[in-house]
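Heads up, the thing below is written out as structure tokens.
The values are calculated or read from the model by the stated rules, or taken from the named source; none is laboratory data. In this text the structure is predicted, and so the values were computed from the model without any measurement. Every residue, glycine as well, gets a Cβ built from its backbone with ideal geometry; the counts of neighbours run over all protein chains shown. Keep in mind that these areas ignore ligands, DNA and RNA; they rest on the heavy atoms of the full protein, side chains included. Shrake-Rupley method; radii C 1.70, N 1.55, O 1.52, S 1.80 Å.
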Amino acid sequence: GFLKDNNYFFHLLSSTHNVIIDEEDPDILFFSVDYAKRRERDNYIKPRCKKIFYSGENVRPNFDGPQSIEMPMYSIGKCDFAFTFDFSEDDRQYRLPLWALCIDWFNKGGYGNPEFILKPELINKNDFISSEKNKFCAMVFNNPTKERVETYNLFSTYKKVDGFGHPFGNWSNGEINKYNNLKNYKFSVCYENRLYAGYYTEKLFHAKTAGNVPIYYCDKKVSNDFNEKCFINMNDYQSLDDLFEHVKKVDNDESLYGSYLEEPLFKDGIIKDEFLPNSVLSFFRNTILK
């Protein structure tokens, strides 16, 4: 769904190079998980074309396998380099989790997909955060995983939980719609589809920058990316019931609730160097383009 001349990688490389989109004979091919299994990447199987796999999905790159790996939901082509969320020791891969592409590093406002991205200076203070929080809790999802459904049902026994997405019959595309849906809630449950080290998508980022106290589900490596004090991690509790009791406690203790809100998304309010565009550019210069 990326627009070829309006996406993170195009603007990143355009900051130092004159980037030309060449449909016939590119030097570099970017491709991702192939939902439709059209295998368009096979049109560029040639030695001189460096192939770069990017995905925000919970999928590993295919460095050394066959030309194509067919999976139930994806078709994964063979690549030379990759940008994914994975904590990997492979020198051909750079860790670039999906949340890092939710930031408007290049002052573009949006890429079409995503259609809205947040300027770095607005991460800790913006109009969404300052909106009145007059509702209890929201959940935004299309995939009704067991953890999401059980949490929705249990939390709904306490106060009204508003759901947004296909299971609720009210899905609306676009990040700005999501922000406008979330901005009036004290909490939002923002579980990932699966629990996997490093697999941190837009969900926590959107919830926190919309002014919610996020209720997230992730492993301990999340501290590499985010400030663990700014959200409630389901994985810190022995059971869903224990998590539920803590959320009720936070909901009824203004000081405790405020302590979560006051904590920045990133430790000390600083995004680590490894996620900054200049660091990603260094990987291009030193590894891909050399």
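The figures follow:
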{"quantity": "Strands (runs of 3 or more DSSP E) lying entirely in segment 1-74 (those with 3 or more residues that are open to solvent by less than 50 Å² (accessible area, probe 1.4 Å) and more than 16 Å from residue 288 (Cα to Cα))", "calculated": "none"}
{"quantity": "Conditions (1) closer than 26 Å to residue 114 by Cα; (2) surrounded by fewer than 17 Cβ atoms within 10 Å (Cβ to Cβ); (3) among the polar types (S, T, N, Q): number failed by residue 157", "calculated": "(1)"}
{"quantity": "Segment 233-281, residues that are in contact with a strand residue (DSSP E or B) (Cβ under 6 Å, 6 or more places away or on another chain) and free of Cβ contacts under 8 Å to residues at least 40 places away in the same chain", "calculated": "233"}
{"quantity": "Selection within segment 75-99 - open to solvent by 10 Å² or more (accessible area, probe 1.4 Å) and either closer than 17 Å to residue 201 by Cα or of a type in the set (Ser, Thr, Tyr) (or both)", "calculated": "86, 87, 88, 94, 95, 98"}
{"quantity": "Failed condition for residue 170, given (1) without any contact (Cβ under 8 Å) to a residue 60 or more places away in the chain; (2) in a loop (DSSP other than H, G, I, E, B); (3) out of contact with any strand residue (DSSP E or B) (no Cβ under 7 Å at 6 or more places or on another chain); (4) over 22 Å from residue 242 (Cβ atoms)", "calculated": "(3)"}
{"quantity": "Close pairs (8 angstrom Cβ cut-off, 6 or more residues apart or separate chains): among the β-branched types (Val, Ile, Thr) in segment 38-54, loosely packed, with under 13 Cβ neighbours inside 10 Å anywhere", "calculated": "45/67"}
{"quantity": "Positions within segment 164-220 being under 23 Å from residue 121 (Cα atoms) and among the aliphatic types (A, V, I, L, M), in sequence order", "calculated": "176, 182, 204, 207, 210, 213"}
{"quantity": "Tally, over segment 117-128, of residues that are outside any loop (DSSP other than H, G, I, E, B), farther than 22 Å from residue 274 by Cβ and open to solvent by less than 50 Å² (accessible area, probe 1.4 Å)", "calculated": "1"}
{"quantity": "Index of the failed condition, residue 102 passing every other in (1) within 17 Å of residue 52 (Cβ to Cβ); (2) open to solvent by less than 50 Å² (accessible area, probe 1.4 Å)", "calculated": "(1)"}
{"quantity": "Segment 134-147, residues that are under 17 Å from residue 207 (Cα atoms) and in contact with a helix residue (DSSP H, G or I) (Cβ under 9 Å, 6 or more places away or on another chain)", "calculated": "136, 137, 138, 139, 140, 141, 142"}
{"quantity": "Contacts under 9 angstrom Cβ, first residue in segment 187-208 being at positive phi, partner open to solvent by less than 10 Å² (accessible area, probe 1.4 Å) and of a type outside the set (Val, Ile, Thr), 6 or more apart", "calculated": "198/85; 198/97; 198/225"}
{"quantity": "The one condition in (1) touching a helix residue (DSSP H, G or I) at 6+ places or on another chain (Cβ under 9 Å); (2) in a loop (DSSP other than H, G, I, E, B); (3) at pLDDT 95 or above; (4) open to solvent by less than 70 Å² (accessible area, probe 1.4 Å) that residue 114 fails to fulfil", "calculated": "(3)"}
{"quantity": "Residue satisfying condition, being assigned to a helix (DSSP H, G or I), basic (Lys, Arg), at pLDDT 95 or above and out of contact with any Ser or Thr (no Cβ under 7 Å at 6 or more places or on another chain), within set 178, 133", "calculated": "178"}
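Residues checked against (1) touching a strand residue (DSSP E or B) at 6+ places or on another chain (Cβ under 9 Å); (2) modelled with pLDDT of 95 or more:
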| site | (1), (2) |
| --- | --- |
| 44 | yes, no |
| 50 | yes, yes |
| 61 | yes, yes |
| 67 | yes, no |
| 72 | no, no |
| 78 | yes, yes |
| 87 | yes, yes |
| 95 | yes, yes |
